[in-house]
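Scroll down for the structure; my scribbles are underneath it.
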């Protein structure tokens with residue numbers, strides 16, 4: 001089976017290559033923007049016709065959530081038009097498409113985990129551009145998997161864990177007095193709740209869906225939930241970093257350009273029922289990530 005992975009050197013794509021390459025039955029093709037431009041339909045179609053994959057896993061995306069607000073044209077060009085081009089190419093060569101999407105398609109006002117059939121209402125350009133990519137896939141193809149996931153972290157690229165560790169070890173931190181001593185201070189929002197998800201685990205979950213020839217929309221995250229504040233505290237604890245005060249703040253205090261959903265826990269029971277596979281708790285995967 002030939003599997004083509006877009007964004008193969010990114011955080012998600014590189015771990016997909018790592019995990020799926022361990023399966024002898026898969027012949028992998030890792031593609032980057034140097035191979036073809038997903039926003040160019042003719043390039044996309046020609047590349048897919050040349051390689052003739054059985055499955056395309058579309059991991060390429062514009063994922064800088066705040067930058068999407070000021071670069072909306074690029075966000076829609078990559079996340080909507082690029083995904084539409086990939087889907088059209090898959091239709092032309094009769095390939096299955098597995099598309100990676102996001103919890104940010106929801107507004108976060110629900111107080112129970114989101115199901116696959118809940119109504120999307122994105123709050124940001126990023127969320128809206130990813131949703132429009134989803135809709136293009138559903139409009140063009142019958143043989144597809146859309147995977148909604150959340151709070152991804154992995155070895156390649158930037159992620160929240162790297163940002164917290166960098167702040168905690170920075171030679172120029174903010175300080176607050178604590179009695180006779182001083183502590184470093186990191187301010188982290190405590191009013192957004194989600195499920196941190198390790199790209200290695202998500203890649204393994206995708207392999208499970210491929211193995212059982214699944215179709216449709218699936219929520220997949222590591223189990224458990226936390227706020228960004230709780231996540232930051234656990235990162236420093238497991239990394240053995242002391243002398244740092246993590247201070248909870250509100251999203252309004254942080255004043256970031258893009259709005260985020262306050263609650264974006266995804267109900268993953270559909271995935272579990274089909275694959276009979278239980279995703280690990282995010283704390284366990286964080287330990288693995290830090291050890292690696």
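The values are calculated or read from the model by the stated rules, or taken from the named source; none is laboratory data. Small disclaimer: the values here were computed from a predicted structure and weren't measured. So basically every Cβ, Gly included, is an ideal-geometry build from the backbone, and we count neighbours across all protein chains shown.
Residue 60 meets the conditions (1) surrounded by fewer than 23 Cβ atoms within 10 Å (Cβ to Cβ); (2) over 14 Å from residue 144 (Cα atoms); (3) touching a strand residue (DSSP E or B) at 6+ places or on another chain (Cβ under 8 Å) in every case but one. The failed one is (1). Put simply, of 152, 115 the only residue that is modelled with pLDDT of 95 or more and buried (at least 16 other Cβ atoms within 10 Å of the Cβ) is 152. Within segment 275-292, residues that are without any contact (Cβ under 8 Å) to a residue 60 or more places away in the chain sit with their Cβ atoms under 8 Å from residues that are assigned to a loop (DSSP other than H, G, I, E, B) and surrounded by fewer than 18 Cβ atoms within 10 Å (Cβ to Cβ), at 6+ positions apart or across chains, in these pairs: 281/224; 283/224. Among the residues examined, residue 185 does not qualify as modelled with pLDDT under 95 and either in contact with a helix residue (DSSP H, G or I) (Cβ under 7 Å, 6 or more places away or on another chain) or within 16 Å of residue 12 (Cβ to Cβ) (or both). Of the residues making up segment 90-107, one or more are crowded, with 16+ Cβ neighbours inside 10 Å, at pLDDT 95 or above, within 20 Å of residue 214 (Cβ to Cβ) and out of contact with any helix residue (DSSP H, G or I) (no Cβ under 8 Å at 6 or more places or on another chain). For residue 289, the criteria (1) loosely packed, with under 14 Cβ neighbours inside 10 Å; (2) under 23 Å from residue 155 (Cα atoms) hold in every case but one, which is (1). For segment 254-292, filtering for residues that are over 23 Å from residue 106 (Cβ atoms), at pLDDT 95 or above and out of contact with any helix residue (DSSP H, G or I) (no Cβ under 7 Å at 6 or more places or on another chain) leaves 3. Going by the structure shown, is residue 99 in contact with a strand residue (DSSP E or B) (Cβ under 9 Å, 6 or more places away or on another chain), in contact (Cβ under 8 Å) with a residue 12 or more places away in the chain and closer than 21 Å to residue 32 by Cβ? Here the answer is yes, as residue 99 does meet what is asked.
The condition (being outside any loop (DSSP other than H, G, I, E, B) and at pLDDT below 95) is satisfied by just one residue among 245, 201: 245. Restricting 10, 30 to residues that are in contact (Cβ under 8 Å) with a residue 60 or more places away in the chain and either touching a helix residue (DSSP H, G or I) at 6+ places or on another chain (Cβ under 8 Å) or more than 17 Å from residue 209 (Cβ to Cβ) (or both) narrows the list to 10. State whether the residues of segment 22-43 include one that is part of a helix (DSSP H, G or I) and surrounded by 19 or more Cβ atoms within 10 Å (Cβ to Cβ). Within segment 22-43 (the criterion being part of a helix (DSSP H, G or I) and surrounded by 19 or more Cβ atoms within 10 Å (Cβ to Cβ)), the answer is no, since none of the residues qualifies.
Flag set for residue 224, criterion: in contact with a strand residue (DSSP E or B) (Cβ under 8 Å, 6 or more places away or on another chain), more than 30 Å from residue 27 (Cβ to Cβ), modelled with pLDDT of 95 or more and surrounded by fewer than 18 Cβ atoms within 10 Å (Cβ to Cβ). Within segment 222-238, one or more residues are under 30 Å from residue 3 (Cα atoms) and under 19 Å from the mean Cα position of the chain (by Cα).
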